[in-house]
Amino acid sequence: MRKWARKIAVALSIAVVITSGGFNFFSKAASSAIPRSKALQGAPQSKNGDTNILLIGLDSRRDNEGNPIPKEISKLLHVGPASIGGYNTNTLILIHIPANGKKAVAVSIPRDNYVNVPGYGMKKIKEAYSYAKYAEDSKLYKEGVKQPLRERLSRDAGRVATLATVSQFLDVPIDHFAEVNMIGFYDLANALGGIQVCLNKAVNDTQYSGAVFPAGLQTISGADALKFVRQRHGLPNGDLDRTHRQQAFIAGVITKFRTQGIFGDIGKISGLLDVAKKDVVIDSGFDVIGFLPQAKALTGGNIKFHTLPIEGYVMRNSQSVNLVDEVKIRKVVQDLFNPKPKPKDPKASPSPSPKPTKINYANLASGKAVDGSKIPCVN
């Protein structure tokens with residue numbers, strides 16, 4: 001009986017710490033536990049107080065040590081064995097957080113954009129990681145470097161190449177990055193107890209991604225989360241629609257943080273910490289604790305998503321690639337990151353004070369979250 005009493009007392013103590021502002025303790029734990037990379041050392045940084053963070057989704061069937069994910073998990077996730085998976089970055093999203101506190105902007109870079117990869121020439125932007133990773137891995141193998149050190153060092157070479165390619169392509173500095181491996185979407189959705197998304201039409205992609213979803217608002221978790229963000233076959237715009245799926249997933253995560261009181265739920269906090277330790281790599285200079293105020297602003301819905309334009313599709317080296325106009329794209333990015341102030345209309349009446357949002361569960365089927373906020377539907 002005393003043993004159980006002690007357990008209950010400890011659990012209650014931890015709960016009190018969390019709900020009374022003790023999240024900083026978990027932030028410190030996360031800051032020290034999340035794997036770090038020196039891939040950004042020496043890279044140019046923003047000088048005006050703005051922050052640019054690159055989110056990298058790595059399409060690999062291996063963990064951070066190079067071990068293949070368990071067969072039962074790969075079968076559940078409908079991703080196939082490690083032997084068919086490479087190290088392409090199928091998700092590249094750059095988040096720009098202005099120093100002036102204005103709305104953050106996230107731009108998705110389609111993975112098949114045909115760009116210059118420093119040291120390797122014109123390639124799909126997703127391939128920058130894999131080319132550099134395999135080159136470094138081969139060199140280290142000849143030098144006798146053993147696993148898992150060889151895996152960690154060669155992945156860092158892939159990150160360096162990806163960061164340099166994106167920075168050069170968009171002509172902006174990258175201050176921080178967070179890399180998430182494929183299974184991270186699965187683990188994150190489970191840790192949060194499901195993510196709300198909305199589809200314009202029902203989908204049935206049993207052959208490739210395994211995505212089978214009805215139209216409308218729904219909550220996805222586990223394997224369905226990964227299937228949702230991976231599907232491209234059967235969608236009107238292929239990879240571009242997959243990019244919108246990734247944005248929808250991230251928006252769903254943000255909504256979950258905003259509406260469900262995640263930071264007050266010890267179970268979800270612990271689950272998120274486990275996901276971060278296993279599935280995420282961040283740069284060595286990322287101050288997780290110092291970033292909390294900005295993160296709180298983002299989870300308050302203070303972010304807008306965009307997908308960078310392409311000019312069309314062509315064949316290069318027997319592959320279908322996206323043609324892009326770099327000058328045009330750089331202007332788009334600059335306009336989004338540094339918008340010109342709109343001229344004030346002296347005749348305009350002051351904006352009315354916003355009314356508090358009321359929860360309307362009747363709206364769930366029409367693309368609204370439980371807090372009444374609109375969830376955009378995607379293909």
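The values are calculated or read from the model by the stated rules, or taken from the named source; none is laboratory data. These numbers were taken from a predicted model, which means no experiment stands behind them. Cβ: placed from backbone, ideal geometry, glycine included. Neighbour counts: every protein chain shown.
Evaluated against (1) touching a residue at least 60 places away in the same chain (Cβ under 8 Å); (2) under 27 Å from PHE337 (Cα atoms), GLN168 falls short on exactly one condition, (1). Within region 95-113, is there a residue that is free of Cβ contacts under 8 Å to residues at least 24 places away in the same chain and part of a strand (DSSP E or B)? For region 95-113, residues free of Cβ contacts under 8 Å to residues at least 24 places away in the same chain and part of a strand (DSSP E or B): absent. Could you say whether any residue in region 70-93 is of a type in the set (D, E, K, R) and within 23 Å of HIS306 (Cβ to Cβ)? No; the residues of region 70-93 include none that is of a type in the set (D, E, K, R) and within 23 Å of HIS306 (Cβ to Cβ). Screening THR206 on (1) polar (S, T, N, Q); (2) modelled with pLDDT under 80; (3) over 21 Å from the mean Cα position of the chain (by Cα) shows it passes everything except condition (2). Among the residues here, LYS139 does not qualify as within 27 Å of ASP171 (Cα to Cα) and of a type in the set (Lys, Arg). In this entry, LYS277 passes the filter for residues that are out of contact with any strand residue (DSSP E or B) (no Cβ under 8 Å at 6 or more places or on another chain) and either at pLDDT 80 or above or part of a helix (DSSP H, G or I) (or both). Would you mind stating whether GLY119 is of a type outside the set (A, V, I, L, M) and under 30 Å from LEU323 (Cβ atoms)? Yes; evaluated as a whole, the condition is true for this residue.
Taken over region 139-153, the criterion of being without any contact (Cβ under 8 Å) to a residue 24 or more places away in the chain and either assigned to a loop (DSSP other than H, G, I, E, B) or buried (at least 23 other Cβ atoms within 10 Å of the Cβ) (or both) is satisfied by GLU143, GLY144, VAL145, LYS146. Against the test of being at pLDDT below 95, touching an Asp or Glu at 6+ places or on another chain (Cβ under 6 Å) and among the polar types (S, T, N, Q), the options ASN379, ASN302, ASN322, ASN360 yield a single qualifying residue, ASN379.
Here LEU55 fulfils each of the conditions (1) in contact with a Ser or Thr (Cβ under 7 Å, 6 or more places away or on another chain); (2) modelled with pLDDT of 80 or more; (3) exposed (fewer than 14 other Cβ atoms within 10 Å of the Cβ) apart from (3).
Of everything in region 121-138 that is assigned to a helix (DSSP H, G or I) and within 25 Å of the chain's Cα centre (by Cα), the residue that is surrounded by the fewest Cβ atoms within 10 Å (Cβ to Cβ) is TYR134.
The conditions of being buried (at least 16 other Cβ atoms within 10 Å of the Cβ), more than 25 Å from ALA251 (Cα to Cα) and at pLDDT below 80 are not met by ALA5.
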